[in-house]
Each structure stands twice: as C-alpha cells, then as structure tokens.
Amino acid sequence: MLTDDISRYPEFMQTPQGSNSLSSSSHTGASRRHTPKASMGGLYQRAIREAFVKLNPRTEVKNPVMFIVWVGTIVTFLVTLDPNLFGTVQADPAQQRLLNGLITFILFFTLVFANFAEAVAEGRGKAQADALRSTRSDTIARKLLPNGSTQEISSTELRRGDQVKVVAGDMIPADGEVVKGVASVDESAITGESAPVLKQPGTDIMSSVTGGTRILSDELIINVTSDPGQGFIDRMIALVEGAERSKTPNEIALTVLLTVLTLVFLIVVATVSPLANYVQAPTTIAILISLLVALIPTTIGGLLSAIGIAGMDRVAQFNVIATSGRAVEACGDINTLVLDKTGTITLGNRLADQFIPVNGHTVEEVAQIALAASVFDETPEGKSIVILAEKNRASVNFKTADATGVEFTARTRMSGTDLPNGKEVRKGAVDAVKGFVRSRGGVVSTQLDEAYERVSRLGGTPLAVCQDSEIYGVIYLKDIVKAGLRERFDQLRRMGVKTIMLTGDNQITASVIAREAGVDDFIAEATPEDKIDVIRREQSEGKLVAMTGDGTNDAPALAQANVGVAMNSGTQAAKEAANMVDLDSDPTKLIDLVTIGKQLLITRGALTTFSIANDIAKYFAIIPTILQQQGLVPSISCSLKVLDRQSFQR
Amino acid sequence: MQLKSPRSAIISALIYNALIIPALIPLALKGVQFRPLTANQLLRRNILIFGLGGVIAPFIAIKIIDILIPFA
Amino acid sequence: MKRFQFQPPTLRTQASSQVWAQLLETIAEIGFEWRKQKLPLYLFLGLCFNLVLAPVVFAATGDEVSRSQAYWLAALVLATIALAVYLFFVMFVPEKF
C-alpha cells in the first residue's frame, strides 16, 4: 500500500491533469480499481437524444445566449416559409427561401451542438451514478430487538438509531457506527480499494461503516446513523448525477457578462435595420439574425455549463466526491493549504535511518542490540530497524523461539526482548530507557543527551537502545517526506498558494521537516483545535483556505475551511462537515484538487477569451458583406475612382 | 476577405459559428493544459493563445469554408 | 358562456347541473393550467397586444408594407423588446437561470 502510494505521486506531478494521470497510474498499481465505471458505450447515443430534448424552451430559457439563438431560429424558420413575411423582398423569392432555409438549418444545429456539449458532460456523471446505483440494492437486514433477538426486515425500513447485526458475506444495509465486534469489510464498491478494511468499535476512524459495502469475515453489531435514501451512497449518486447542480458564483458573474454583451448586440442589430433603410440599403431579417448570432458569444454560451459539469466530473474521476460545483471552483481560488504533517507531508511511519553509538560502543554493537530488541517488533518502525541493522552486518545470534518479546505499552514506552541467556534488551523513548537503566543500577552519561539533541535537531525521533544496565546508543528514526512533494509545493508557491504544516512535534523537529518539505509556514505542537484558529486567522486576511481531516475533532475546522476534504476512512461527522470526500483517503490529493480547480477556472477563462475574440473576427467577416450586398461598398470605391480620375485629369 | 459572395460569407460565418462548438467540446471537457505559472504569466499566455488565436482562427476558417461550400 | 347566462333557473334539471359541474371543472382546469403554464399565456397576450400595435405600424410604413406584413413586423418588434426585457431580467437576477 505504501509503496503503491509513493509510486503514484511522481506521475501526478508531471501531469496533474485529471484523466490522463489516472489512466497512467492505474497500471502501476494493478490492484487499484477506481470508482465503479459504467460502460460509456451508450453515452453518445444518449447525449444526441438529450441534445434534442433540451431544445424545449423551458430548458433553453436558462441559457440567455442560446435562448436568443433559439428565438432567432424560429424567426428564420418563419421567413423560410414566407420570405415576404416582414416586408417585401426585392430578390427572387425562391432564392431567398433557399438562403433563409440554410440559415435556419445552421442555427438549429448551433443549438443542437451546444445542447450536445452539455449532454455529454452530464452523461458521464449519469453513467457513474448508474454504476453506483447498481451497488446499492435492497437487502435483508437483521434488526436487533430490545430483547436481544433479531428480526429480518428490509433495509429500506431501517431508521436512524436502529441496531443491526451483520455476519460474514452480508451486505451492510445502511451507514452506521460499529458498536460491537471486529470484522474485515470490503469497501471496494465505494473506494475502489480491493484490500479489505478492519472495522472495530470505539476507534474514531475504524468504526464507521458505509451501506452497500460487504462484510467479509466475523460479525458486527452496527448502530444505524442514516435514514434510508440519505446514506452516503445515495448522496453520492445525487451529486455525481448533478441533481443538485446550481450555478456557481463565478458562473453567475460570467452569465451576467455574456448577457450584457448579448443585450448590447441585440440593441445594435435591432437598430441596424432602420439605419440601413435610411441609407437606402435595406437588409433582410434573416441576414440581421445571422449578424446577431455571429456577434453574441455563442461559443462560450454553449459550452459554459459543460465546462462546469466536466470540472465536477474530473474531480469524481479522481475518486473525490464534491458536494457542489461551488466547492470544485473554490479549489481553484484557494490561497492557503493547511496540511497535517503525518500522512500528508510525511509517510505515516517513521523509518530508522542511522545508529548513533554512545559510551564507546561501535555502530555494529548498537546494530546488534537494536536488532535483538526489534525481532518481535511488527510495527513498520521495528521492521525498518531490523532492515537497517542487517545492513550494518548484524545478525540474530540467539534462538528466537527461546526468547520472549516485550510489547510496547503507553506506560513503559519501551519494547524489547528477553534473551534466552537472561539478558534484557530494550529500545524506547530516551527518558524511558534512562529510567530502565537506572533501575538496573546503571549510570546515564551525558553522551546520550548529546545524541538525543543531535537527532532532534535533524528533525528525527531518537530511540535509545540498551542491554540491562548499559546504554549502547540511539536509533535515529527519520520522518520520510513523500517523494516529489517539494516540487509540488514549489509549483503551488509559483501559483500563489501558501502551505502551512501542522504537527504535534516539537519546534525543532517541525522546523526541520518544514524546511525539508519546502512548506511556507508550520505550526509545531499543534492540537486539533489549533487547526480552526489557523483557518480563521487566514480567512480574516481575506484568504481562502483548504484543509483535510478525518477525525470528529476535525469537523469544525472542516466546516470552517472554504474547501474541507474529509477522508472516506474518517468519521461520519467529518464527512458531513466537509464539502468534499476523498474515497481513497489520501490527504495529498488536496494539492491535485487545487490544480483541478485552477484548471477549471483557466479553461473557462480561455474559452471566454476565445469566444469573444471570435466575435470580433466574425463581425469583420459579415459587416462588409452586408454593406457590399447593398452595393454600398462598391459605390464608395466607385466614387473614389471617379474622384481619382477627376484629380488625374486636372 | 475576397469571399465568393455576400451570401456565401454569411453562410460560412454561421457554419463556423456552429462547428466551433463541437470542435471545442473535448477542450471544455478535458480542460486546457495546466501549467504552474503565476496569475500574470497565465493571463499573458492565455490572452496570446486564445485571444490572438480567437481573432485569427475565424478568418482562416471562414475563408476555407467559403471555398468549400458549393454555391456562390 | 352566453348560453348559460340565458338559461332560466327553473330548468335546473339533473342533466343541466351535471353540465354545469363539468363546465366549471373545465374552466377551473384551464385556469389552473394557465396559471401553471406561463409561456402560452404570455404569447397569447403578446399577440393580442400586437393587434393594437399592428395598425400603428401599418399607418407609419405607408403603402410598401401590406396589412399582414405590418402585423408580423409589429410582432417581431414586440419579440425583440421582450427579449431585451428578458436579458435585463437575467442581468439582475442571474441566480434564477
């Protein structure tokens, strides 16, 4: 899992561009399967049908620019039926009808194409929603009655507060909290992660289960926390389907701009007719409508909603569910990222980096003792010590079967091994080991404190190792900064995004990691409550803040942040407070989300620029011809020629 | 622009106007290529590509459509 | 409508009261539909108003425009004004669209 994560990042870095990076990353982790993908086969047929359905004036009226085109199409259709409808036309009626018919035809397809763009964008979300819906089916739930017996009811009859029992092989009927039992659950339906997840009560993160996932082993008693139709998957379906889609503030602003442009051109074109009549160059209604349609920004008008929907879709393909388009857009405007150190900036686990001998011992001796103390340690830290010790040519010189492991406890803050020859080797927090050594009659040298300080200054965690009353040295456990993060923070800085790291570590350690990762600011010895203070402080300076979180105590901060991304492994409270949920529970994704949001804003800006620039060009392509058609331009050039000749003759 | 006739000019402009929408659908759905630049650099770059491109492209496209369509 | 106004109240048999009920229902339904479907109503009102406007246009244009052409020209002017009003509306309450 960890190596998988690391190998994915460099690719995200080079192409932080939605779908491309996803497809390239999928073959590095073959076990990864992203959110259930529906077949995109019928997507285009469906979109073509939708494009015609959307010609309904009730739909078109929502898009001012395209509604003008819609009305224009109706009018040109009328003049196709009768070219003389609005006034007698001098030209041959049959030819005039052909021209008007052609204009009607082209305008009609302009509308259809614009609707098609929106339909394709929506269709991708709908296909995803269908795939999700297929994972959710009515199941039989075993409801726990007060007298302890169970009753089989349909999962749709479950209410918040009910308790249900699920056994291996069952579908979990609703969202809930585990109250009893330990079991592994397959959550691939929503996360795409095929490895099962362990669920147990009492823990903040591991006790929440999602309806529609499958329990693989053992049994659980679950307290239902959502009413039917309001569970996580239901909300997800509603979101990806775009049922709750409303215009974002930026879209509204752009709509107003486009409407003003449209209105100005409508007035201009409406007054062209009397002017043209005044200069004895009457134009036809169809030509005027063509001019109007060419002038108004139809390109961006037709693509505006598609861009917004596609942005949400890109986020969904990233396995992140956004509660609104507003949230996706806000990602692009973010000024400050608040990041947890552990799991986001550094790998979750610290790894042994170096042995520092004290009291005249050699590195090999320290390695030997550290290895002996770690053979029973199954934690990633312990394993990394074993690997490092073996690199230092240490080997286990006793029968592990005869030795007994001593587990780490929060009270002793040490772990180790009781060797077959009666000796006790320990490793642990420096002061805990000091106490152990003193209790065995040993003395603590100042060398140990020096080593301790050296490691702290390097940003690491020191672990002392000892055998009975003799301290051998210190293991330097290093926080590993995720690969490629420094470059990404540099990128962010160039884009004007500030990063703040939050950590529970002491000032020295935090500053070292901060420097190594290249974050702009850090807060050491932070409590979860500090998060919300940091966010408030930044917001009071007019900045938009994004953060990630998973615990219940993160919920207020998630709600306060402009963009709060909850981990799917997190608690229900966190998920409800956030405006995005990351199904892969990968906090580093926040950086990618900023990229996607910025990309959305840039795309919209670029296409608006393009569309308006186009209008200028179209104007110069049409206006001369209208004047020319009425003989105005040739007559001017003629008179110029006459003038020339006259001056020549003179 | 030396187009065949006024009528052909209007039809060409409208055809361009209609076809540019589906032509830009892939760009709208995928998003423009993202580069980590400062806001000013981005603005300059995009105005150059999409602004200048947006002024020039229609002239070329309308001319080509004008040549392609059969009637005068 | 006229028919029922002239109907003497003495002839209120079973059958006629049924017709009454049916008619009221239909009127209510049309009224309801009208309230619900704004677009046809506005279109209808616009075309009615156009009947007033058309003679003005006809008088103003002189003899180069026929009577029906004047009517449609007035309708076009009305439609343009309606579109302008609609665009103003979009400008000031864009959230609704």
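Quick look at the numbers
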{"item": "Difference of contour (0.36 nm per residue) and Cα-Cα distance, A:SER246 to A:THR150", "result": "30.2 nm"}
{"item": "Per residue, in Å², the accessible surface of segment A:401-552 once ligands and nucleic acids are set aside, probe 1.4 Å", "result": "45"}
{"item": "Residue mean of other protein chain beta carbons inside 10 Å, A:82-91", "result": "4"}
{"item": "Cα-based Kirkwood hydrodynamic radius, segment A:76-230, one decimal, Å", "result": "19.8"}
{"item": "Using a Förster distance of 35 Å, the FRET efficiency for A:TYR44-A:ILE140 (Cβ separation, nearest 0.05)", "result": "0.35"}
{"item": "Nearest 10 degrees, 0 to 90: helix B:53-68 Cα axis against chain B principal axis", "result": "30"}
{"item": "C:TRP20 - accessible surface, heavy atoms, 1.4 Å probe, Å² rounded to 10", "result": "90"}
{"item": "Within 10 Å of each Cβ in A:302-314, the average number of Cβ atoms from other chains", "result": "3"}
{"item": "By average C-beta atoms within 10 angstrom, highest first, the peptides A:600-613, A:413-426, A:498-511", "result": "A:600-613, A:498-511, A:413-426"}
{"item": "Contour excess over end-to-end distance, with Cα ends at A:GLU157 and A:ALA401 and 0.36 nm allotted per residue", "result": "82.4 nm"}
{"item": "Relative contact order (%) - chain A, alpha-carbon pairs under 8 angstrom, separation at least six", "result": "14"}
{"item": "Along each principal axis, Cα extent of the protein assembly as shown, largest first, Å", "result": "123, 102, 46"}
{"item": "Chains B and A, summed buried accessible surface - 1.4 Å probe, Å², nearest 100", "result": "4100"}
{"item": "Paramagnetic label zone (point 7 Å from Cα along Cα-to-C-beta, A:GLU424; backbone N under 18 Å) in segment A:463-478", "result": "A:464-473"}
{"item": "Three-way shape label, segment C:15-96, alpha-carbon gyration tensor, a/c 1.5", "result": "oblate"}
{"item": "Over chain A: helical MRE at 222 nm, DSSP H runs n ≥ 4 each giving -39500 (n - 2.57), nearest 500", "result": "-16500 deg cm²/dmol"}
{"item": "For peptides A:166-174, A:336-344, B:59-67, sequence by mean Cβ density within 10 Å, most packed first", "result": "A:336-344, A:166-174, B:59-67"}
{"item": "Accessible surface of segment A:305-394, 1.4 Å probe, proportion on carbon and sulfur as whole %", "result": "51"}
{"item": "At least 30 Å along the helix axis (C-alpha) and Kyte average at least 1.0, DSSP helices within chain A", "result": "A:249-278"}
{"item": "Mean ellipticity per residue at 222 nm, deg cm²/dmol - from DSSP H runs of n ≥ 4 across chain B, formula -39500 (n - 2.57)", "result": "-22500 deg cm²/dmol"}
{"item": "Peptides ranked, highest mean first, by Cβ atoms within 10 Å: ranges A:527-534, A:60-67", "result": "A:60-67, A:527-534"}
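The values are calculated or read from the model by the stated rules, or taken from the named source; none is laboratory data. The structure displayed is predicted, hence computed values, not measured ones. Neighbour counts are summed over all protein chains in view; Cβ atoms, including those assigned to glycine, are modelled from backbone coordinates with ideal geometry. These accessible areas exclude ligands, DNA and RNA; they are computed on the full protein's heavy atoms, side chains included. Shrake-Rupley method; radii C 1.70, N 1.55, O 1.52, S 1.80 Å.
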